[in-house]
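Here's the structure, in structure tokens; my notes come after.
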Amino acid sequence: MTARITGNDYRSLTPPELGAWTPSLRVSVVVPAYGGQDKLDLVLAGLAGQTYPAGLTEVVVVDNGSEPPLRLPELRPASTRLVVCPTPGRAHARNAGLAAATGDVIHWLDSDVVLDRRSVEAHMRWHHVAPYLVVTGYLRFTPAELPGPREVAEADDLAELFEPAEPHAWLVDLIERTDGLTDNPHRAFSLHVGGATSVNAALFAQAGPMDTELILGQDTEMGYRLAQAGAVFVPEPLARAFHLGPTMRMRDKAPIDRVSHAFVADRIPSYRWLRSHPARQWKVPYLEVVVGPAGGPGRAGEDGPGYGYDEVRATVDAVLAGTVPDVVVTVTGPWDRVRAEGRAPLRNPDLDLVLIRGHYAHEGRVRFALDSPRAVRMAPPYPAEGGEAPETGAAPPYRLRLPAGWVPGEDSLARLLDLAGDGGYGLVSALLAEGSGEGIVAARLERTAAFARAAIVRREGEDLDDAVEDTSGVLWVDGETYGFLPEAGPITGRRGAYRARTEAQAEIARLAKENERLRAQVTRWRDEAGRWRKSAVELRREVGGLRRELAAARKIVQYGLLSSVKRAIIRRR
């Protein structure tokens, strides 16, 4: 039974101890090289001394057009082959080595990276416990003078030859701040570096070869595709290696990032910060919305329930007008039977299919696919002629399956994506309707990597959704709460949205001015109140003085009157 891993938490696995187990899987170590014969000799010497069984190891050296041509040194593993790839480019060389490899596991190795003698075994012990792992060793960058091949082959500890050395700082930092890549599974694919990484060969069969159109960033882009194929990424500290000299990134990180980001932004939707433009389209979208069925009004049976041009258009238009611009729409239906009707188009039994396809024929975000219960097969190009169009490259991280006729709100898709991403769910289903003979109608937001993982680990007879729930989690929500309705509402176009935003900004500016005016008025009132309080104090003081003067006058009057009375009495006597 295949081991099940939740997210990227490989800690649920228990690999065997080094030297205390019996391996059975074959490994192909692929070494692309361009020049550098002296360093290649050391790399092969390091491989010759590995603890992993030589009978289970093959080495494929790819000469990428070196002048003079590379040669295989005397000190090398027994099963070492030299393959020539004249087309320049690291990706071409890697693909040539991948095509020649026959092992169960592919171990990438740069031609200037010398492995510790236990490194391959440290990698392979993980691949024996689960068939969908990507394992990366720890690199150290050494400025030491190159030793001889014999010294490398006989060294029990390469540190004696290559220390002091610098660690792979970016890699170590990524691992440490994500608790060994376990608390951020959506970024774990960044661990895939070509210097010393091993991958189960079956994953490559799903993910495809290296992207030869990329100038830089091929390793990361391959890591993304491996993640969409269901991979789990494992950092292995016991798989140690020394890089002979600094890497190009260590020397020129800023210009390399500038070049790399210009290309990987198109191919890695998970790097959202590289997709800051609010409206443009990318080679690999973040979300694919699959709308179906589309069999024409009233057509039931093999084409499924009848949904016509109006229903499909309502759904597709709402998706394209939403707040998620990084989206493509795939409309499923029997497009292979659509033919032009020149004489009586209104009597064409497939008129609605013709209208749907014609309406979106020149919309680059809408494509058409033949009916398929799970995997989407691309339809012939429009107009239908010739063979089928080729599949696209990397898969989008998320796919929403939405019945035609159900219309998402402007922010519905963004809210579902936030919910799935924050919770790490493999499937979020939005209940749209139930009962009335239709059963349950739902929109399904599927995370590509979760379904790929579930397909690898599910048991015989087990429903795929159950395997997704066990490995990634499943959540049901109410569709109406998330803005899904069975009828189309008015769509605010970009011009309307711009006007609304401009009006809102003008209203904000007006309210800000009004707020400042009221603040000034309040300040004037406070000043006036202060003056009133001061006047009141002065008035109270004046009244107090008058009261005191009045009291003194009263005393004077009383004293004078008393004196007069006394004098009158004295005279009468």
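Here is how the numbers come out for the structure above:
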read-out: Overall Cα dimensions of the stretch 205-296 - principal axes, largest extent first, Å; value: 64, 31, 22
read-out: Compactness of the chain as Cα Rg over 2.2 N^0.38 Å, two decimals; value: 1.55
read-out: Other-chain or far-sequence residues with amide H under 5 Å of V134's (modelled H); value: V232, F233, V234
read-out: Residues whose placed amide H lies under 5 Å from that of A239, excluding near-sequence neighbours; value: Y138
read-out: Long-range amide H partners of Y425 with built H, under 5 Å; value: none
read-out: Label-reachable residues, the stretch 130-152, where backbone N falls under 17 Å from a point 7 Å from R71's Cα toward its Cβ; value: 149-150
read-out: Size-normalised alpha-carbon gyration radius of the stretch 147-210, reference 2.2 N^0.38 Å; value: 1.53
read-out: Residue-averaged 222 nm ellipticity for the chain, from DSSP H runs of 4+ at -39500 (n - 2.57), nearest 500; value: -12000 deg cm²/dmol
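Readers should treat all values here as calculations from the given coordinates under stated rules, not as data from a laboratory. Computed from a prediction, not measured in an experiment: that's the story for all the values here. Heads up, the Cβs are rebuilt from the backbone with ideal geometry, glycines too, and the neighbour counts pull from every protein chain shown.
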